[in-house]
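The values are calculated or read from the model by the stated rules, or taken from the named source; none is laboratory data. Note that the coordinates shown come from a computational prediction; the quantities given were computed from them, not determined experimentally. Positions of Cβ are backbone-derived with ideal geometry, glycine not excepted, and every protein chain shown enters the neighbour counts. Heads up: the accessible areas ignore ligands, DNA and RNA and are worked out on the full protein's heavy atoms, side chains in. Shrake-Rupley method; radii C 1.70, N 1.55, O 1.52, S 1.80 Å.
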Amino acid sequence: MADAETLSLAFMRAHPPEAARVLEMVTPQAAAALLARSPARLAGPVLAAMLPSAAARALGALEEEQTLALLGPLGTQRVVAILRNVPEPRRARLITGLPTAAALASRLLLGYVEDSVGAWSDPDVLAMPGTARAGEALERVRRVEAAVARVFVTSPKGALEGWVPLPVLLRAPEDASLASVMKRPDAVLSSQSPLAGAASHPGWERASILPVVEADERLVGVLSRDALTRALGRTSRAQRTAPGGTLAEMLARGYWDALSGWAEAMATLLPTVRPVDRSPDER
């Protein structure tokens, strides 16, 4: 039988969202201790799936160097959501420790009210002027570490003019300008809109990601349907209470519960087997 520590790491690897729910329900010190001794490839996805307030409390029990190491791979949107729950002056020090681009984007998003669309937008988008060529844009896409599904086209002042889906960009002649192949967004969200109002925006009927703009049409980033759901659901999740047991035992229990649920699901998918009629023994 594997020990609880081994099972807890296996659970984190296989089920980051479920492991995050467990860490939200234990003391910040217990959550921090587990995150600190877990490999970064396991701790990162779990931290990203935690409630920002719970993640901030857990990181508050760690040294700033450890905190920055955990925040680094998360992406600006998740980092800002966590930093919003970190008190000053620690928050300012952490922002200073981020890479320059991430620090600038973090300061921008932290300027929005927490329940606004702007606060939950993802600023990590690729934006280029309409005069840029398709070949140049493809080269930029190849250099970006994260997956890029579209290139946004903006004016010299940063106003959103359109976007070029990656399949369109791949088919376009190398010397074609982005302005000549871009499409106008079907819908945009105002950065100042309340999250509750954004949830009923008709644009979600046609897209899972919508651009977010300022009043002057300046592109802030994008908001995905998943991020919006996560933002709206953070209050109900925060009201959960912890079951009994140590952290390692809770994670191990979650691992076995997940395996049990998987086995039950597989059983329902298997075809029913009719019993084989026994023939008389002819020996």
Which value, in Å² rounded to 10, gives the accessible area of residue 83 with a 1.4 Å probe and all protein chains present? 0 Å²
Dipole-positive endmost among 96, 27, 60 within the stretch 19-100 (Cβ charges, Cα centre): 27
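Given a Förster radius of 51 Å and the C-beta distance between residue 33 and residue 180 as r, what FRET efficiency does 1/(1 + (r/R0)^6) yield to the nearest 0.05?
Details: r = 56 Å, r/R0 = 1.09.
It comes to 0.35.
At 1.4 Å probe size, put 106, 224 in order of accessible surface, largest to smallest.
On the way: 106 0, 224 35 Å².
Result of the area sort, largest leading: 224, 106.
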